[in-house]
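Engineer: Have a look at this one.
The values are calculated or read from the model by the stated rules, or taken from the named source; none is laboratory data. A quick note: this is a predicted structure, and the numbers were derived from the prediction, not measured. Note that we place each Cβ from the backbone using ideal geometry, even for glycine, and neighbour counts take in every protein chain shown. Note: areas computed on protein heavy atoms with side chains; ligands, DNA, RNA excluded. Shrake-Rupley method; radii C 1.70, N 1.55, O 1.52, S 1.80 Å.
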Amino acid sequence: MAALGPLSRITRLGCNFCRNHRLMFNRNSQKRGIASCIDPSYGLTDEQKEFQKVAFDFAANEMAPHMAEWDQKEVFPVETMRKAAQLGFGGIYTRPEVGGSGLSRLDTSIIFEALSTGCVSTTAYISIHNMCAWMIDTFGNDEQRESFCPDLCSMEKFASYCLTEPGSGSDAASLLTSAQRKGDHYVLNGSKAFISGGGDTDVYVVMCRTGGKGAKGISCLVVEKGTPGLSFGKKEKKVGWNSQPTRAVIFEDCAVPATNRLGEEGQGFNIAMKGLNGGRINIASCSLGAAHASVLLAKDHLLVRKQFGETLANSQFLQFKLAEMATKLVASRLLVREAATALQENRADAVPLCSMAKLFVTDECFNVCNQALQMHGGYGYLKDYAVQQFVRDIRVHQILEGTNEVMRMIISRNLLTES
Amino acid sequence: MSGRVLVGVKRVIDYAVKIRVKADNTGVVTDGVKHSMNPFCEIAVEEAVKLKEKKLVKEVVAVSCGPQQSQETIRTALAMGADRGIHVEVSGKDYETLGPLQVSKIMAALAKKEDAQLIILGKQAIDDDCNQTGQMTAALLDWPQGTFASEVTLDGDKIKVVREIDGGLETIKINTPAVLTADLRLNTPRYATLPNIMKAKKKKIANVKPADLGVNLTSRLEVLKVEDPPQRQAGMKVETVEDLVGKLKEAGKV
């Protein structure tokens, strides 16, 4: 229990860490108390603070010490994720009857934000897994829910979300993977690209074409690993997100029982988009965690590193830069939490707000992490220091689950379409 | 036999926080500083919950003495598996002077009131490092004590305790009712699970005042000054052993 989670990350900085330093720039803050303006527990209920505490503790003890190793060795940390699932993190907003925790979108955001401080890549995968479990729980019939959800919530089995194809990314509705009805099966042909977890996961939620062109012709099928005709491409070599494998998922006359179809034929695109609304909040939350961790790392570095006879924290430029980073972090956090609340309440502005949150937060938090790296100087570029991994890991958040350009499409459509 | 265990949990400044001394040297800064359950108290709660899971005890009651915020600490114990909580309200000046003597009087009174079989405490708190409350509580109740426990085995109406002492490990057998204090290697506290945190919301925390228990909180101690430890001084290098002995003699060390 004497685990030194947060301290181990600080000692990895390799700097002399004097525990006896005094506040550098504002003596008055000693009298006012030293509450940090970026504390993520402000405004939360007692219960949410408990959820957050468990997630922070788990991140500090079980994830942060391995974050670098998982990245460098490209380890998919199955045992750690199963431990997380035992705490209820496998199906956070999936219903309890099928093994989920039944929490709200806001609770979920808080949890992923905290877990992300331990390892962005692993937390992001856990969020994708959660999204799939939710989709089956929400749109599946009782047999499907009972058949798939309990194993997903316990992470006995892992899930992947399959929408993107080599020929259709942003233009998702133009996907080509076909699913032809043959008796009591659908026969799938086609391939999916950039699938997180692909090849190592057990349950694939696949959007495929059962009807005509466009969104209305798309259905959602659950395909299990081991189904004949299901194969995988090579493991992609990525800049970040290395604790989850990414592969193409290939269907060659792959026969899937029709009972594995979620919802009706033609409902698939709708299911995919509804899943992504929550997914966007989750990914934004992961960016928040990385930015929070990076601001703390930058702050510690400024208080320790000396140049020109004084610590970097005495430089007004760096003080102001840190203040801007903190402001953007808190603004991002508020936007994500508001979007989570809107989605939970099914508000009219939920969809564009989720897009706004994803757009703003992934961009701003990437800048925050990037600036934190800059503040570290040359050390920031070394893999011995965690800040570079936060930068590399969250860079892709501006691209997946709908590029930030697609987010602008959604928002402008909301503004310019006459209702 | 009620099969009831009382576990004391203390709200302390989180172990990872950098402690700062107040400008007036009367204490350390606690306003706005992150607090959490004393790590040794977490180990105590874990041991109590384990005993309940093995069906060796029937009920685990978490107790904390302090201001309103102590309820958060009790909630954490409930989320780990304690059945109910007792919050002994102590605030203001009383809380600033609250020490092992007062807390042990409270624990002893509660043990009688709740008909407890076992009291498990952390061996010490990480803020004052007193390592006294368990021992004082046992003395007030005239119960046997198994302190610095690294292994606890219930055996009928006796308890076998393996204690970590300076010379190694000491095994003792004591009668119940008894007081145990948890040392680091007794167990590894579990994470609260999300479902348990939600269940904890429904568990009851009773509010009690020290006066209701007949406890006088007056302290026999007065804190005169709190200050930072001295800054680490630079060392110096010497050429020979003779120089070293000379310097040590100068400094009055030999």
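Engineer: Using label points projected 7 Å from each Cα along Cα→Cβ, tell me how many nm separate A:Arg413 and B:Asp142, to one decimal.
Structural biologist: About 8.1 nm, to one decimal.
Engineer: Related question: Over the whole of B:186-197, what's the average partner chain Cβ count within 10 Å per residue? Rounded to a whole number, please. Intermediate results must be reported in sequence, preceding the final value.
Structural biologist: Working: counts 1, 1, 2, 2, 2, 12, 7, 6, 16, 7, 4, 12.
The per-residue average across the peptide is 6.
Engineer: Indicate the gyration tensor shape class of region A:46-157 (rounded, prolate or oblate), computed on the Cα atoms with a ≥ b ≥ c the square roots of the eigenvalues: a/c under 1.5 is rounded; otherwise a/b larger than b/c is prolate and the rest oblate.
Structural biologist: Details: a/c = 2.33, a/b = 1.44, b/c = 1.63.
Taking the square roots of the gyration eigenvalues as a ≥ b ≥ c, region A:46-157 is oblate.
Engineer: For chain A, modelled as a Gaussian network with Cα springs under 10 Å, which listed residue fluctuates most, A:Gly212, A:Gly263, A:Gly402?
Structural biologist: Comparing A:Gly212, A:Gly263, A:Gly402 in a Gaussian network model of chain A, the most mobile one is A:Gly212.
Engineer: Would you mind computing, in nm to one decimal, how far apart the modelled labels at B:Asp115 and A:Leu382 are, each placed 7 Å from Cα along Cα→Cβ?
Structural biologist: 6.5
Engineer: Under the classification rounded if a/c is under 1.5, otherwise prolate if a/b is larger than b/c and oblate if not, where does region A:122-247 fall, given a ≥ b ≥ c as square roots of the Cα gyration tensor eigenvalues? Spell out each step's value before the answer.
Structural biologist: Working: a/c = 1.61, a/b = 1.12, b/c = 1.45.
Cα axes put region A:122-247 in the oblate bin.
Engineer: I've got another one for you. Rounded to the nearest 500 deg cm²/dmol, what is the calculated helix-only ellipticity per residue at 222 nm for chain B, with -39500 (n - 2.57) per DSSP H run of length n ≥ 4? Intermediate values should be presented prior to the final figure.
Structural biologist: On the way: 7 runs with 73 residues, N = 254.
Dividing the helical sum by the residues of chain B leaves -8500 deg cm²/dmol.
Engineer: Under a 1.4 angstrom probe, counting protein chains only, how are B:Val17, B:Val9 ranked by accessible area, largest first?
Structural biologist: Values: B:Val17 30, B:Val9 5 Å².
Final ranking, largest accessible area leading: B:Val17, B:Val9.
Engineer: Now for a different question. Considering only A:Pro352, A:Thr311, A:Ala323, whose Cα is most displaced toward the positive end of the charge dipole of region A:280-398, charges sitting on Cβ of Lys, Arg (+1) and Asp, Glu (-1)?
Structural biologist: Farthest towards the positive end: A:Thr311.
Engineer: Next question, about the same structure. Assuming R0 = 51 Å, can you tell me the calculated FRET efficiency for the pair B:Leu169 and B:Glu242, based on Cβ-Cβ distance, to the nearest 0.05? Walk me through the intermediate numbers first.
Structural biologist: Numbers: r = 44 Å, r/R0 = 0.87.
Efficiency for this residue pair is about 0.70.
Engineer: What does the C-alpha gyration tensor say about the overall shape of region A:240-362? Classify as rounded when a/c is under 1.5, otherwise prolate if a/b is larger than b/c, or oblate.
Structural biologist: Working: a/c = 5.08, a/b = 2.08, b/c = 2.44.
Note, shape of region A:240-362 comes out oblate.
Engineer: Right, here's the next one. Just to check I understand the Karplus step: with θ = phi - 60° and J = 6.51 cos²θ - 1.76 cosθ + 1.60, what whole-Hz values come out for region B:75-91, glycine and proline as x?
Structural biologist: Coupling constants for region B:75-91: 4, 4, 5, 5, 5, 7, x, 5, 7, 8, x, 10, 9, 8, 6, 9, 9 Hz.
Engineer: Would you mind finding the longest exposed-site-free stretch of chain A, with exposed trypsin sites (Lys or Arg not before Pro) meaning DSSP loop and at most 12 other Cβ atoms within 10 Å? Walk me through the intermediate numbers first.
Structural biologist: Numbers: sites that count: A:Arg19, A:Arg22, A:Arg27, A:Lys213, A:Lys234, A:Lys237, A:Lys383.
My reading of the result: A:28-212 is the longest stretch.
Engineer: In addition: So how far apart, in nm, are the two label points at A:Lys237 and A:Asp184 if each is 7 Å from Cα heading toward Cβ?
Structural biologist: If labels sit at A:Lys237 and A:Asp184, their model points lie 4.7 nm apart.
Engineer: Between B:Lys18 and A:Ala258, what is the FRET efficiency for a Förster distance of 60 Å, r being their Cβ-Cβ separation, to the nearest 0.05?
Structural biologist: 0.45
Engineer: While we're here: Mark the label point 7 Å from the Cα of B:Thr30 along Cα→Cβ and return the residues of region B:93-115 whose backbone N is within less than 18 Å of it.
Structural biologist: Only B:93-107 pass the distance filter.
Engineer: Just how large is the dipole of chain A about the Cα centre, in debye to the nearest 20, putting +1 at every Lys and Arg Cβ and -1 at every Asp and Glu Cβ? Don't jump to the answer; show the numbers that get you there.
Structural biologist: Values: 45 positive and 43 negative charges, 297 e Å.
With Lys and Arg at +1 and Asp and Glu at -1, about 1420 debye.
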